[in-house]
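Below you'll find the structure, written out as structure tokens, and then a few comments.
The values are calculated or read from the model by the stated rules, or taken from the named source; none is laboratory data. The model shown is predicted, which means the values in this text are computed figures rather than measured ones. In this analysis, Cβ positions are derived from the backbone assuming ideal geometry, glycine residues included, and neighbour counts consider all displayed protein chains. Protein only, heavy atoms only, side chains kept; ligands, DNA and RNA dropped before computing areas. Shrake-Rupley method; radii C 1.70, N 1.55, O 1.52, S 1.80 Å.
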Amino acid sequence: MTTPETATPELYLVKAFTEQPNGGNTAGVVLFADRLSRERRQKIAAMLGLSETAFVSASEVGDVRVEFYTPLKQIPHCGHATVAAFSLLWQKGLLLNGSAVKESIEGPRQISFEEGKVYQAQLPPQYTPIEKAGINPILIATALGLPEGFVFPSVPVIASTGIPFLLVPIPDERTLHRLQPDQDLIRAVSDKAGLVGFYTFTTASELADASARMFAPSYGIPEESATGMAAGPLACHLHDHLQQNKASFLIHQGYLMRHPSPSQIEVVLQLDDEGHIMGLRAGGRGLVIRKMELGDL
């Protein structure tokens with residue numbers, strides 16, 4: 001994307017992983033952000049108060065450079081804000097159909113446009129046992145407000161396809177819905193282990209391969225309605241450890257929040273002849289809600 005140095009930044013609100021205005025995860029997207037300082041970007045993200053805001057500028061190594069800020073800090077990647085940003089770029093005609101390369105602070109990522117949906121490539125999964133990270137299952141249960149003596153359907157695991165999440169299995173949607181997260185304890189565990197947060201999920205879902213809830217207080221996100229960078233590791237975990245022997249997964253998120261915002265995240269695994277995951281892509285639809293004035297943000 002060519003952005004003249006005199007271009008005025010433009011701010012949009014875009015919902016990711018949904019076709020409906022009452023669903024998905026809203027991201028701020030600032031186009032032509034080249035001249036915005038890091039301090040100004042952080043202020044804009046904090047004032048918007050959304051889980052992430054994407055800032056799009058010119059790139060010398062890709063089609064665009066995209067940087068992501070939560071209300072508290074900059075982060076390396078964000079799945080839903082990537083879907084939001086590239087849906088906007090595509091719909092405004094600033095990128096051609098087919099594919100693009102996103103430059104981020106941790107290097108390039110391949111983006112594809114397929115049948116009105118945006119997908120971002122993620123890295124092959126890496127798993128870390130919770131014991132190695134010094135996390136006790138009892139502490140996880142306590143942090144989620146689960147009853148004393150609760151037994152997880154399978155052992156929680158740390159998984160990463162670019163950034164690490166704690167994947168926490170829950171037996172059913174009723175229990176998942178009734179979680180009472182202790183945000184301070186989740187933050188403490190996440191900070192100690194270097195995690196983005198807790199991605200709780202159940203496979204006892206009739207309409208998807210898993211239904212999930214995401215808690216990331218370390219990043220100023222008590223709960224998020226769609227997390228593409230966590231859905232990728234979860235799909236890998238379902239394939240590698242929970243006997244879901246297939247390549248395409250649908251993850252539901254946001255359905256079980258106090259104020260539901262239903263999101264559908266699609267994950268496609270790239271498997272070799274022996275069924276090993278060589279890569280993956282996660283994505284969905286983006287819906288542009290409106291343009292805003294930056295003003296004093």
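Things to note:
- Segment 44-82 versus segment 189-216: alpha-carbon centroid distance in Å: 22
- GluC sites (Glu not before Pro) lying in DSSP loop within segment 181-271, provided at most 10 other Cβ fall within 10 Å: GLU206
- Proximal aspartates and glutamates relative to LYS102, as straight alpha-carbon distance under 14 Å, when same-chain residues fewer than 8 apart are discounted: GLU60, ASP63, GLU67
- From the C-alpha gyration tensor of the chain, square roots of 5λ in Å: 31, 21, 17
- Accessible-area ranking of LYS15, LYS73, largest first, probe 1.4 Å: LYS73, LYS15
- Peptides 134-140, 158-164, ordered by how many other C-beta atoms sit within 10 Å of their residues on average, highest first, read 158-164, 134-140.
- Based on C-alpha pairs under 8 angstrom that are at least 6 apart in sequence, segment 1-53 has a relative contact order of 33 percent.
- Taking a ≥ b ≥ c as the square roots of the Cα gyration tensor eigenvalues, segment 143-219 comes out oblate, since a/c reaches at least 1.5 and a/b does not exceed b/c.
- Between ASP272 and THR8, the FRET efficiency from the beta-carbon distance, with R0 = 41 Å, is close to 0.30.
- Sorted on the mean count of surrounding Cβ atoms within 10 Å across their residues, most packed first, peptides 93-102, 209-218 read 209-218, 93-102.
- Cross-link reach list, lysines versus LYS246, counting only Cα pairs under 27 Å and skipping chain neighbours closer than eight places: LYS117
- Cross-link partners of LYS291 among lysines (Cα-Cα below 20 Å; sequence separation of 8 or more within a chain): LYS15, LYS43, LYS92
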